[in-house]
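The structure appears below as structure tokens.
The values are calculated or read from the model by the stated rules, or taken from the named source; none is laboratory data. Since the model is a prediction, treat every value here as computed from it, not as a measurement. We place every Cβ from the backbone using ideal geometry, glycine too, and count neighbours over all the protein chains shown. Ligands, DNA and RNA are excluded from the accessible area calculation, which covers all protein heavy atoms including side chains. Shrake-Rupley method; radii C 1.70, N 1.55, O 1.52, S 1.80 Å.
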Amino acid sequence: MDEIGAYRLGRLKLSQIPPNRMAALAQYALGSTAPLLERASEPKRTAMLTAVMRHLEAAC
């Protein structure tokens with residue numbers, strides 16, 4: 001868990017994104033394979049990976 005916290009994504013201001021949207025992005029990304037994430041367009045890939053990291057930080 002320390003490795004996840006090292007990214008310090010909790011300090012990003014994502015208050016404009018509805019919590020249910022962040023949860024949906026995290027759930028989708030967690031259920032995806034690495035090649036699928038790699039093929040995603042850049043804004044979507046970054047959003048999904050950020051949502052996963054925020055989800056994992058919250059779970060700590």
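Structural remarks
- Leu49 in contact with a Ser or Thr (Cβ under 7 Å, 6 or more places away or on another chain) and modelled with pLDDT under 90: no
- Annotation note: Cβ proximity below 8 Å between a residue of region 40-52 that is within 19 Å of Asn20 (Cβ to Cβ) and a residue that is part of a helix (DSSP H, G or I) and open to solvent by 80 Å² or more (accessible area, probe 1.4 Å) (sequence gap 6+ or interchain) occurs for Met48/Tyr28; Val52/Leu30.
- From the list Gly31, Gly5, the lone residue that is open to solvent by less than 80 Å² (accessible area, probe 1.4 Å) and modelled with pLDDT under 80 is Gly5.
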